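Working notes, beginning with the structure itself.
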Amino acid sequence: MSAAEGKTAGTGEPILVVRELHCHFGGIKAVNGVSLDVGRREIAGLIGPNGSGKSTLFNLISGTVTPDRGQIRFDGHEIGGRKAHAIARLGLARTFQIPAMFDNMSVTENLLAAAAEGHWQGARERAADTLALLKLEHVADNRASDLSGGQQKLLEFGRVVMRQASLILLDEVTAGVHPSIRRIIVDAIARLRERGTTVLVIEHDMEMVRNVCDRIIVMDAGRVVATGPFNDIVRNSEVMQTYLGRPQ
Amino acid sequence: MKPSWAGLLLLIAVIVVLALLPMLVNNYWLRIATGALMWAGLACSWNMLGGYAGYINFGHSAFFGLGAYVTALLMGDRLAWPFFATLPAGIVVTALFAIIIGAPTLRLRGAYFAIATWAFAEVLIQFASVMDFTGGIGGIGLPPFLDERFFYFAMFGAAALTYLITWALFERSRFGLKVKALRDHEPAAEAIGINTSLVKLQTFVLSAVTASVFGAIFAYWVTFINPKSVFGGDITDQMVVMVLLGGLGSLWGPALGGVALFVVNRIIWMYWGDTAFYIAILGAAIVLVVLFLPNGIAGLFSRRVAVSGAVLDKAVGNLVGGGPGRPS
Ligand SMILES: Nc1ncnc2c1ncn2[C@@H]1O[C@H](COP(=O)(O)OP(=O)(O)OP(=O)(O)O)[C@@H](O)[C@H]1O
Ligand SMILES: [Mg+2]
């Protein structure tokens, strides 16, 4: 049984509820009153121009950065302002936009570390499965810092797979990677969904968004400016202006 | 590290030689071997936090000295505890101080911790120098026990235990995975559920109590200690250089560096006596290691442990704040 089928699953409440979330850095209001819901087993895409606050929103939800104010409810828990490790243990996993490798550990150790807190039973077998799923077996004993950029993206995604989380946040996991690696990741996301996992992805590639996401959330200047199915969003020319009218 | 048969045989050979050493050499060389084992153990204890967790402790002598003073005070005329009973007491006292120093500072960037540990050692020197019950600057004596073999085996046992614990905990268990993960990327370690503040504190306490046990044995061995001889900053300096020389964050590096540097120290002492020259050698050793041997001696033998230089980058990054701390 996967974590997604845990105790509060099946209730009507969305797995993630964000209300009036604020966060600033100096004079920059990076997240300026964001409210959004993500339903269970949904794959939602978060898009928006550079600097619109997408990664900061991930940092706030995962506890990496502490919000100024606002509510975040995850799987029935009020998590706003909690420590990142406590939120992770509730079943939330994430990747970082700039790959966050454990550089001096091997690829296998990177995966095992993700199981060190929580589901340690059978971790070695799951690490082997994850290596196979991501086609990283041939570099299993390499140091993470020796991997190519694309392989690092894969490895970071692999750590998320190892967490067996109910909600995962993916920050541009396919940005700048070879199409073959992108294929692997897209397939793996589909597998996660079969497992009952909810996924929120930040993605610049509109083709990928169209293929993978059930629903799109558009951010601009620290706010959510639109949300809906891909086709509705594309038809809304004002939103597309916001999104595509600026350098990416 | 993958276990190799050659490595295992070498390890067994070293243990056998060390176990038989008292029958092979005279008391003079046995004392040198005792000191070498102590320094190998101390370097390993510093490496637990400095090498595996990437947090630089500039005041590790504080814990060596605490162990020494607790044993000296408890074995004194008034209390007259037996030696082995003083060890748990020293461990408890050291652990308490490590928690007091570490709990608030290990949450912050490495620089705060480095300064706090350095200051703590300085405070202890001053404290021990002015208090009556510690014997002030003059120091404090212990009941003499002149059995070189006892102290050799005590240091051997303590060093063996230190390396065994380090191997089991840092190289073979999931605790080690957590420690190395937070060293390499703290926000990512938190994101996979690791309570980084707690794991750092646990590592620090373990590192501190190990040093205190060596301090306790040392005090009983030399039968006389004073603030400089057990709290002195040069003790920490030596541990740091030994670890850098041997290989930061590797299991055997600190043993190699510890023995190598201690032997050099004794040779210099034989020819020139107690001289400031040794300090110059330490300084030169640091520069040479950083320039030409970034992966330490251990890095010369094994490709797998050749990460010391990168670990040093992490630790220094931790210290100055540019390094791993930034999410994106
Ligand atoms: N740690 C930080 N310190 C200071 N400013 C920050 C920090 N993190 C983000 N910012 C600023 O907050 C704003 C939002 O940045 P964020 O990274 O969330 O945008 P983004 O939508 O993820 O952009 P991109 O598509 O380029 O990844 C930017 O102006 C950025 O410079
Ligand atoms: Mg971003």
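The values are calculated or read from the model by the stated rules, or taken from the named source; none is laboratory data. Predicted model only: the values in this text are computed from it and were never measured. Here the Cβ positions follow ideal geometry from the backbone for every residue, glycine too, while neighbour counts run over all protein chains shown. Keep in mind that these areas ignore ligands, DNA and RNA; they rest on the heavy atoms of the full protein, side chains included. Shrake-Rupley method; radii C 1.70, N 1.55, O 1.52, S 1.80 Å.
Is it the case that some residue within the range A:85-96 is surrounded by fewer than 17 Cβ atoms within 10 Å (Cβ to Cβ) and within 16 Å of ligand 1 (Cβ to nearest atom)? No: the range A:85-96 contains no residue that is surrounded by fewer than 17 Cβ atoms within 10 Å (Cβ to Cβ) and within 16 Å of ligand 1 (Cβ to nearest atom). Which of the residues spanning the range A:30-46 are over 12 Å from A:Pro67 (Cβ atoms) and either within 16 Å of ligand 2 (Cβ to nearest atom) or assigned to a strand (DSSP E or B) (or both)? The answer is A:Ser35, A:Leu36, A:Asp37, A:Val38, A:Ile43, A:Ala44, A:Gly45, A:Leu46.
Within the set B:Gly233, B:Gly247, B:Gly215, the sole residue that is more than 14 Å from every other protein chain (Cβ to nearest Cβ), in contact (Cβ under 8 Å) with a residue 24 or more places away in the chain and open to solvent by less than 20 Å² (accessible area, probe 1.4 Å) turns out to be B:Gly215.
If you check B:Val259, B:Val241 for being open to solvent by less than 10 Å² (accessible area, probe 1.4 Å), touching a helix residue (DSSP H, G or I) at 6+ places or on another chain (Cβ under 6 Å) and under 20 Å from B:Thr275 (Cα atoms), only one passes: B:Val241.
So in the range A:178-224, with the set limited to residues that are within 16 Å of ligand 1 (Cβ to nearest atom) and either part of a helix (DSSP H, G or I) or free of Cβ contacts under 8 Å to residues at least 40 places away in the same chain (or both), which one is nearest to A:Glu13 (Cα to Cα)?
Quick first cut of the range A:178-224, residues within 16 Å of ligand 1 (Cβ to nearest atom) only: A:200-206, A:208-209, A:216-224.
Then keep just the ones that are either part of a helix (DSSP H, G or I) or free of Cβ contacts under 8 Å to residues at least 40 places away in the same chain (or both); that gives A:205-206, A:208-209.
Values: A:Asp205: 30, A:Met206: 29, A:Met208: 28, A:Val209: 25 Å.
Among them, the one singled out is A:Val209.
Summed over the range A:79-96, the residues that are of a type in the set (A, V, I, L, M, F, W, C) and away from every other protein chain (no Cβ under 14 Å) give a count of 0.
If the condition is being polar (S, T, N, Q) and closer than 20 Å to B:Ala219 by Cβ, then the range B:44-72 contributes B:Ser45, B:Ser61, B:Thr71. The lone criterion from (1) away from chain B (no Cβ under 14 Å); (2) within 16 Å of ligand 2 (Cβ to nearest atom); (3) not aromatic (Phe, Trp, Tyr) left unmet by A:Ala226 is number (2). The lone criterion from (1) outside any helix (DSSP H, G or I); (2) free of Cβ contacts under 8 Å to residues at least 60 places away in the same chain; (3) surrounded by 13 or more Cβ atoms within 10 Å (Cβ to Cβ) left unmet by B:Leu11 is number (1). Residue selection: A:Ile202 satisfies the criterion of being in contact with a strand residue (DSSP E or B) (Cβ under 9 Å, 6 or more places away or on another chain), of a type outside the set (Asp, Glu) and farther than 19 Å from A:Leu111 by Cα. Where residues in the range A:151-181 are surrounded by fewer than 20 Cβ atoms within 10 Å (Cβ to Cβ) and away from every other protein chain (no Cβ under 14 Å), which of them is nearest to ligand 2 (Cβ to nearest atom)? Ranking the candidates gives A:Gly176 first. When the test is whether a residue is under 29 Å from B:Ala310 (Cβ atoms), in contact with a helix residue (DSSP H, G or I) (Cβ under 9 Å, 6 or more places away or on another chain) and in contact (Cβ under 8 Å) with a residue 12 or more places away in the chain, B:Ile56 passes it.
Name the residues in the range B:95-147 that are over 22 Å from B:Ala189 (Cβ atoms) and touching a Leu at 6+ places or on another chain (Cβ under 8 Å), would you? Scanning the range B:95-147 gives B:Phe97, B:Leu124, B:Phe133, B:Thr134, B:Ile140. With respect to A:Arg191, determine if the residue is among the basic types (Lys, Arg) and within 16 Å of ligand 2 (Cβ to nearest atom). Taking the combined requirement at face value, the residue does not satisfy it.
Would you be able to tell me the number of residues in the range A:164-177 that are more than 13 Å from ligand 1 (Cβ to nearest atom) and touching an Asp or Glu at 6+ places or on another chain (Cβ under 9 Å)? Steps first, answer last, please.
Step one: filter the range A:164-177 for residues more than 13 Å from ligand 1 (Cβ to nearest atom), giving A:164-168, A:174, A:177.
From the residues that got through so far, the ones that are touching an Asp or Glu at 6+ places or on another chain (Cβ under 9 Å) too are A:166-167, A:174.
Qualifying residue count for the region: 3.
Against the conditions (1) open to solvent by 30 Å² or more (accessible area, probe 1.4 Å); (2) facing chain B (nearest Cβ under 9 Å), A:Gly76 satisfies every one except (2). The set of residues from the range A:97-150 being under 25 Å from B:Gly54 (Cα atoms), away from chain B (no Cβ under 11 Å) and not in a loop (DSSP other than H, G, I, E, B) comprises A:Val107, A:Gly149. Within the range B:167-183, being within 7 Å of chain A (Cβ to nearest Cβ) and under 15 Å from B:Asn47 (Cα atoms) holds for one residue alone: B:Lys180. Contact map, the range A:56-67: first residue farther than 14 Å from A:Ala86 by Cα and away from chain B (no Cβ under 11 Å), second residue assigned to a loop (DSSP other than H, G, I, E, B) and open to solvent by 10 Å² or more (accessible area, probe 1.4 Å), Cβ cut-off under 6 Å, separation 6 or more or different chains; pairs are A:Pro67/A:Gly80. Scanning the range A:41-64 for residues that are open to solvent by 10 Å² or more (accessible area, probe 1.4 Å), more than 8 Å from ligand 1 (Cβ to nearest atom) and of a type outside the set (Ser, Thr, Tyr) yields A:Arg41, A:Glu42, A:Gly63. Against the numbered list (1) aromatic (Phe, Trp, Tyr); (2) within 21 Å of A:Val31 (Cα to Cα); (3) at pLDDT 80 or above, A:Phe230 comes up short only at (2).
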